[in-house]
Amino acid sequence: MYGAPLSHYSRKLMLLGSGELGKEVIIEAQRLGIETIAVDRYKDAPAMHVAHRSYVINMLDGQALRKVIESERPDYIVPEIEAIATDTLIKLEQEGFNIIPTAKATRLTMDREGIRRLAAEQLNLPTAPYRFAESIEELTLAANQVGFPCVIKPIMSSSGKGQSVCKTPDDLESCWNYAMEGGRTNKSKVIVEGFVQFESEITLLTVRSVNGTTFCAPIGHVQQDGDYIESWQPHFMTEQQIKQSEQIALKITNELGGYGLYGVELFLTKDEVLFSEVSPRPHDTGMVTLASQDLSEFALHVRAILGFPIPTVKLLTPAASATLKAITETTDFKIGGIEEALALPNTQIRIFGKPETKVGRRMAVALSSGKSVEEARAIAKEAAKKLVIKDL
């Protein structure tokens, strides 16, 4: 039992990172009577629009992070982005604070080196071949070892920032520079992955709760420049592929522990299922669940965090999402085409309310359902095309 928000007996949830996914988490938490606090590095982030209180800090600054947490003393600390002082979170957890799902999961999954070594070297999960490099010289050696083409990513970034496909040795220097520009910390290190000839890539939303582990129907998605532009649910998979995917997801999430929702990214090749990455929170491709499931990924995450049961997760209808992305950088803009998008059948949209555009930044998403995945994808893409960003 707990009291009303803003009362002496309330339960507090603090969100570290307050983007469009965090906004949905805040809304779901408030539906269950939780007091909410949104924290981000910039003012007027989407989740701040709906939270009871908000703070603007540099979350890579451990002292600033500790100060805001100690002042609020939240019951649940929920990281939503990668760029956080994870060493501080580990210390705070040791002092008794509740980091969701765990400080270990937050630290490992925000570092591509940590999570890849855990998956491949400790848990023996199948992955693409990989190496790490801390200089252009090491990158050259690593790329020659895994072969061309290869994929180069900063060990810490989000939404595909700094990720590129290196096709020839002549591209190595430009790929290195791009990775350094796109990384979210000062770490000059990249992961070099062998290029996987996959047939499709999926997200398997995996929920750890008092009921045990529950899997949502697989979500297919298309990425461009390392960031998702379209997703759909369910993605067709054979029974064997589903079994392999769930086994991989179970192993990695059991190791990371805690309660909450994980987004496990997998490659489906002709012969096997490969582990790619995992996020210990709702996944951007999972926004489709706002239109497809009885409980969205955000509702599932909050229920699991709070320790409430999740008896079942039901897929109600095939559905798809398609994004609206900015092509310029400005703080002076309007979004239009909303009426035209909503005129399409079985369609809803989310305008995130971000205060400025950046090249490639997601500003809105269209969500559509249909009798089939193909129909839902067609409607969602048409709806997203009707949305426009106009610089003023």
- So V190, is it of a type in the set (V, I, T) and not assigned by TED's automatic domain parsing to the domain that holds A320: yes
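Can you name every residue in region 277-306 that is aliphatic (A, V, I, L, M), over 14 Å from the mean Cα position of the chain (by Cα) and within 18 Å of S245 (Cβ to Cβ)? Even if it seems obvious, please write down each step before you answer.
Narrowing region 277-306 to residues aliphatic (A, V, I, L, M): 278, 287-288, 290-291, 295, 299-300, 302, 304-306.
Next, from what is left, pick out any that are over 14 Å from the mean Cα position of the chain (by Cα): 290-291, 295, 299-300, 302, 304-306.
Listed by number, the list holds a single entry, L300.
Checking the structure you have, find out if any residue of region 289-307 is in a strand (DSSP E or B), assigned by TED's automatic domain parsing to the domain that holds P234 and either under 25 Å from G17 (Cα atoms) or among the polar types (S, T, N, Q) (or both). First the steps, then the outcome.
Step one: list which residues in region 289-307 are in a strand (DSSP E or B), which gives 293.
Of the ones still in play, those that are also assigned by TED's automatic domain parsing to the domain that holds P234 are 293.
Next, only the ones that are either under 25 Å from G17 (Cα atoms) or among the polar types (S, T, N, Q) (or both) stay: 293.
Checking region 289-307: at least one residue is in a strand (DSSP E or B), assigned by TED's automatic domain parsing to the domain that holds P234 and either under 25 Å from G17 (Cα atoms) or among the polar types (S, T, N, Q) (or both).
If you check A45 against the conditions, is it surrounded by 23 or more Cβ atoms within 10 Å (Cβ to Cβ) and more than 13 Å from L13 (Cα to Cα)? Break it down stepwise before answering.
Working: surrounded by 23 or more Cβ atoms within 10 Å (Cβ to Cβ): yes; more than 13 Å from L13 (Cα to Cα): yes.
Yes, satisfied.
Among R377, R361, which is out of contact with any Pro (no Cβ under 8 Å at 6 or more places or on another chain), basic (K, R) and closer than 28 Å to A51 by Cβ?
Going through R377, R361 in turn, the sole match is R361.
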- Taking the options L324, L274, name whichever one is surrounded by 18 or more Cβ atoms within 10 Å (Cβ to Cβ), out of contact with any Pro (no Cβ under 9 Å at 6 or more places or on another chain) and either part of a helix (DSSP H, G or I) or assigned by TED's automatic domain parsing to the domain that holds I379 (or both). L324
- For E255, are the conditions met, namely being within 22 Å of A105 (Cβ to Cβ) and at pLDDT below 95? no
- Is one or more of the residues making up region 344-366 surrounded by 23 or more Cβ atoms within 10 Å (Cβ to Cβ), hydroxyl-bearing (S, T, Y), assigned to a strand (DSSP E or B) and touching a Phe, Trp or Tyr at 6+ places or on another chain (Cβ under 9 Å)? no
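Every residue, every condition in (1) surrounded by fewer than 22 Cβ atoms within 10 Å (Cβ to Cβ); (2) touching a helix residue (DSSP H, G or I) at 6+ places or on another chain (Cβ under 9 Å); (3) modelled with pLDDT of 95 or more; (4) not small (G, A, S), yes or no:
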{"position": "L141", "(1), (2), (3), (4)": "yes, no, yes, yes"}
{"position": "M180", "(1), (2), (3), (4)": "yes, no, no, yes"}
{"position": "F198", "(1), (2), (3), (4)": "yes, no, no, yes"}
{"position": "G212", "(1), (2), (3), (4)": "yes, no, yes, no"}
{"position": "Q224", "(1), (2), (3), (4)": "yes, no, no, yes"}
{"position": "I229", "(1), (2), (3), (4)": "yes, yes, yes, yes"}
{"position": "W232", "(1), (2), (3), (4)": "no, yes, yes, yes"}
{"position": "E239", "(1), (2), (3), (4)": "yes, no, yes, yes"}
{"position": "K243", "(1), (2), (3), (4)": "yes, no, yes, yes"}
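Is it true that some residue in region 284-298 is farther than 29 Å from G370 by Cβ and surrounded by fewer than 19 Cβ atoms within 10 Å (Cβ to Cβ)? Walk me through it before giving the result.
Keep residues of region 284-298 that are farther than 29 Å from G370 by Cβ, which gives none.
Checking region 284-298: not a single residue is farther than 29 Å from G370 by Cβ and surrounded by fewer than 19 Cβ atoms within 10 Å (Cβ to Cβ).
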- Message: Restricting to region 128-147, name every residue that is of a type in the set (S, T, N, Q) and part of a helix (DSSP H, G or I).
- Response: T140, N144, Q145
- Task: Using the structure shown, decide if L261 is under 17 Å from the mean Cα position of the chain (by Cα), of a type outside the set (G, A, S), crowded, with 18+ Cβ neighbours inside 10 Å and in the same structural domain as H283 (by TED's automatic domain parsing).
- Result: yes
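The values are calculated or read from the model by the stated rules, or taken from the named source; none is laboratory data. Note that this is a predicted model, so its numbers are computed, not measured. Positions of Cβ are backbone-derived with ideal geometry, glycine not excepted, and every protein chain shown enters the neighbour counts.
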